[in-house]
1. Just the number please: accessible area per residue for the chain, 1.4 Å probe, all protein chains included, in Å².
2. Here are labelled values, (i) 0.99; (ii) 0.96; (iii) 1.03, and one is the computed Rg/Rh (Cα atoms, Kirkwood Rh) for what I pasted. Which one?
3. Quick check for me: using +1 on Lys/Arg Cβ and -1 on Asp/Glu Cβ, what's the dipole size of the chain about its Cα centre, in debye to the nearest 20?
4. In a GNM of the chain with a 10 Å cut-off on Cα contacts, which of P180, P246, P95 has the highest mean-square fluctuation?
5. Which whole-number percent is the relative contact order of the chain (Cα, under 8 Å, 6+ apart)?
6. On the accessible surface of the stretch 265-319, probed at 1.4 Å, how many percent belong to carbon and sulfur atoms?
7. Could you sort the peptides 87-93, 65-71 by per-residue average Cβ neighbour count (10 Å cutoff), highest mean leading?
8. With the Cα gyration tensor of the stretch 192-233 giving a ≥ b ≥ c as the square roots of its eigenvalues, does the rule (a/c under 1.5 for rounded; else a/b larger than b/c for prolate; else oblate) give rounded, prolate or oblate?
Amino acid sequence: MIQIVYTVQPGDTLYKIARLYGSTIQEIVNTNNITNPDLIYPGDVLLIPVQEEDLETPPGSIIYTVQPGDNLYIISLLFKVPIQDILSMNSITNPSLIYPGMKIILPGDAVNPFQPVEPGIVHYTVLPGDTIYKIASRFGTNAQSILNVNPGIDPRQIMPGMTITIAIPENAVAIYRGNPDKKMVALTFDATYGDNQTYELLEILRNNNVKATFFLSGIWLINYPELARAIANEGHEIANHSYTHPHMTLIPLPEVRNQIVRTDALINNVTGKNSYLFRPPYGEYNQAILNELASLGYVTIMWTIDTLDWKNPGADAIVRRVTENIEPGAIILMHQSAPDTPAALQTIITDLRNQGYDFGTVTQVIDPL
C-alpha cells in the first residue's frame, strides 16, 4: 500500500481527506493513531494509505506534498533519497521548478520521518552508558514504570542500540541544570547561522579533550552538512534546535511537531546520529510544547548560565559571566557563530579546570549517577 504524506489544510476534515484520496476515515485514524477524528488542525502531517492500483506509482511508494521552503535537496535529506532518484522517478527535467502543493513520488525504501507516534509513548534507543535508572530519571519517570511496559526485559542486560518503550508523565519539564552532586559542567553551542569559526571551536575543544553538545537547527544542517558531520565525527553530542528557529509559543502545536520531526530527520540523515535533546529557540516554551516534545521522545534542555555571547560583549565579559556564576551541574549556553566565543573558550576551559571542574556532554552532566 502506498502512503501519502499529507499536510492538513484549513477547512479539511478526515471525511474530506479520505474522499480526496480514495481512503477511509478508519484507515487514516488507524495509521496515524488519532484518538479524536474531529480534532485535526491545519499543519498536522498525516499519512494517508492509498491502494496502489489507484495511483500510477511503483508499489510501496511514498507520495510527499511539497511544503513552502522545500527544494529537492531538502527533500532528499529528509527522506534519505538521492536527488537523482527523485528526478528519475518523477520525470523532473528542471529541479528548480518544484512548488508547494506539488506531489513528489519517493521510493518505498525512503526513510519516512513523519511516521506517527503513539500518544504518551516513547520508543527510545538506548545510548552507550545508559541504565534503566538513568533513562527513567531523564524522562521524569521511574525504573519500575519502564520495566512494566517492557515485559521480559532484564534491567542488567540493556545494550546500546536496543529500543525500549517509555510511558511518559503527563507534565514534562525543562531542565536548567545537571547533577549538582557532580563537579562537572556542560559546554553547549547553538548553531543557526554562520560557519566561519566552527572549525576553530572544534580545534580548541579537541586540544583540550573536551566533548560538548551542539544544538543544531534544520536550516544550519541544510546549509552546512559537512560542518555538522565534522562535529559528530569529533565525538560531540548532537541535539535538536528546531527547523527554522521560530518563536515556538507563537506557532500551532502541529507546526511545533513539524519543526522537531524535520530537524530530527536531518540530524539522523546528515550526521548518522540520533538525538533526544531539544533546546527551544529564544528559550521560549509552555507546558503544551514540553508535553509535545516529550511525546516525540525529546527532553527539553535550557541553561544555567547564558554567556550572552550573541551581544558581542568581548571575550573577557563572556569569561567573567561563566567563572563568576559557575556551579556543579551547570549547563553553559554559547553560540558557535558569536565572534567573541572562540577567544573566550580556551580561558573558560582553563579557569574551570583550575577550579576542579570536569567537562561533559549534556547527557553526562544530567546523569543522576
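1. 45 Å²
2. (i)
3. That gives the chain a dipole magnitude of about 520 debye.
4. For the chain, modelled as a Gaussian network with Cα springs under 10 Å, the answer is P95.
5. So the answer I get is 18 percent.
6. 46 percent
7. Details: 87-93: 12.4, 65-71: 14.7.
Those peptides, ordered most packed to least, come out 65-71, 87-93.
8. Values: a/c = 2.19, a/b = 1.85, b/c = 1.19.
Prolate.
The values are calculated or read from the model by the stated rules, or taken from the named source; none is laboratory data. Every value quoted in this text rests on a predicted model; they were computed, and no experiment measured them. So basically every Cβ, Gly included, is an ideal-geometry build from the backbone, and we count neighbours across all protein chains shown. Note: areas computed on protein heavy atoms with side chains; ligands, DNA, RNA excluded. Shrake-Rupley method; radii C 1.70, N 1.55, O 1.52, S 1.80 Å.
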